[in-house]
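Asks: My questions will all concern the structure given below.
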Amino acid sequence: MDNEGVLYVGPKSQLINEGQLAVNGKGTSISGGDFYTGNNAYSSTISTTMNTGKWVNDGFYLSQEYFKIQAQSGLQNNCKLLTDELIYDAGNAGLNNAGHIQCSSATLAKGTLNLASASIFEVQETAEIWNFTINGSLATETKAPLLWINEGLAGKDKDENKLVSISANVHISCNNGFFDKIKNAQLVKATINEGGMTDCNPGYETEEPEEEPAIAEYTYAFEDITVKAGDYDFNDVVLRISNPINNEITVTLVAAGAMNDLWVCYDFGSGHKGELFDGKEVHAVFGEPAGTLINTGGTPTVAEQKCILKDLPEGFSLTENGDIYIVDKHGVEVHVDAHIGDVPYALRVPGSWEYPEERVSITTKYPEFGIWGQNANNSLDWYLPSKARK
């Protein structure tokens, strides 16, 4: 059946396509009626505007220019829906997908997308998203549905807490990191399988996540606990310590920003304890007078100094029993777990950390440090270069 005008499916009417239907005129408008495409049937239209009523697709449905949802309706895709642009244009509109929906672009706003097990919702270019809800499958014994978006864009509401709400089990693959901070987002790297144009669902494969590379070293940064009015810049003593290789670690003295005399010691338990750098005070290790500010101005000016600890105790780990600390001439020790009230005075940070310059508070250099300090489950990446204030 061919139609050269507007196909209008009005109140209390039904259109059931069990064969082939082509609307070559001004598109299809569904307002109060029911449109059904049967199993193995083919429906093609220039555009689709969905007001009220029901739209159910058990076959192949092509809406060339756009598929627009303008009101609360009963929409159920069980096989294949193709369109250039999918648009949510009304509050609380819902779309149920148990097959494969593919579009070039999408506007996902103030509506709901319900994804059944193993179903696929694919946006090949960009999806503008705000105030949107994605419900996945509750089943755990079957494959999760997939939301695949090349590039996600924040819509009218830029608040990341209001962009999208995700519940239940759904895999999300997005190439520009839009969902990285979205709560409950199960991020995967997925590839949709090749299939025929009318295949209901080609399926998809996920890549095994790459193992995170082992952390090569940690930065230990100390604040002199004996100073009455500290600057909280965590550069009074800065060490970089390698993870164990061949049962030994390398300890590198990077900076000394303290006015007081300080020494570096270790205690790994079971009698494995002592002083590092041959028991020298940190300024002397650099060959500089006590009280000299060394490598605290941003660009190192004095060569770093190294020492090696061998024959580590069995099961040694920097994060478990790597207690390397500083001590002053009065025997006052500062360990990584040292706090004055809720304030830490020593840090162990993964990697080669960019510590603050002299007289620059850590909360100035890293604004999210305070959030992490109040609750160690928040802002876990506060120390990354991308989080530093330039």
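Asks: So how strong a dipole does the stretch 52-94 carry about its Cα centre when Lys and Arg Cβ are +1 and Asp and Glu Cβ are -1, to the nearest 20 debye?
Replies: Magnitude of the dipole: close to 180 debye.
Asks: Right, here's the next one. For Ile16, Ile149, what ranking results if the residue with the fewest other Cβ atoms within 10 Å of its Cβ goes first?
Replies: If I rank by nearby Cβ atoms, fewest first, I get Ile16, Ile149.
Asks: Order 364-372, 177-185, 67-75, 93-101 from most to least packed using the mean count of other Cβ atoms within 10 Å.
Replies: Highest to lowest by the protection proxy: 93-101, 67-75, 364-372, 177-185.
Asks: Filter the cross-link list Lys280/Lys387; Lys181/Lys365; Lys156/Lys189; Lys80/Lys183; Lys189/Lys306; Lys68/Lys387 down to pairs whose alpha-carbon distance in this structure exceeds 31 Å.
Replies: In this structure, Lys280/Lys387; Lys189/Lys306; Lys68/Lys387 lie more than 31 Å apart at Cα.
Asks: For the residues Thr363, Thr296, what sequence is obtained by ranking on other C-beta atoms within 10 Å, fewest first? Each step should come with its number before you reach the end.
Replies: Numbers: Thr363 15, Thr296 23.
In increasing order of surrounding Cβ atoms, one gets Thr363, Thr296.
Asks: State to the nearest 20 debye the size of the charge dipole of the chain about its Cα centre, where the only charges are +1 on K and R beta carbons and -1 on D and E beta carbons.
Replies: Charge dipole of the chain: 1420 debye, to the nearest 20.
Asks: Let me ask another. Show which lysines lie in cross-link reach of Lys12 when reach means a straight Cα distance below 18 angstrom and same-chain residues fewer than eight apart are skipped.
Replies: Straight-line reach from Lys12, under 18 Å: Lys54.
Asks: While we're here: Just the number, please: Stokes-Einstein D of the stretch 270-390 in µm²/s, Kirkwood Rh from C-alpha pairs, 20 °C, 1.002 mPa s.
Replies: It comes out at roughly 127 µm²/s.
Asks: Straight-line reach only, C-alpha to C-alpha below 17 angstrom: list the aspartates and glutamates that Lys26 could link to, leaving out same-chain residues fewer than 8 apart.
Replies: Answer for Lys26, where 17 Å is the Cα cut-off: Asp2, Glu4, Glu65, Asp84, Glu85, listed by chain and number.
Asks: Could you state the principal axis extents of the C-alpha atoms in the stretch 2-206, from the largest down, to the nearest angstrom?
Replies: Largest to smallest, the principal-axis extents are 47, 34, 27 Å.
Asks: Students often check this: by mean Cβ neighbours within 10 Å, which of 29-39, 45-55 ranks highest, and how do the rest follow?
Replies: Those peptides, ordered most packed to least, come out 45-55, 29-39.
Asks: If you put +1 on each Lys and Arg Cβ and -1 on each Asp and Glu Cβ, how big is the dipole of the stretch 2-206 around its Cα centre, in Debye rounded to 20?
Replies: On the way: 13 positive and 21 negative charges, 122 e Å.
For the stretch 2-206, the charge dipole is close to 580 debye.
Coordinate-derived values only; no laboratory data. In this text, all values refer to a predicted model and were calculated from it rather than measured experimentally. Cβ atoms come from the backbone with ideal geometry, glycine included; neighbour counts cover every protein chain shown.
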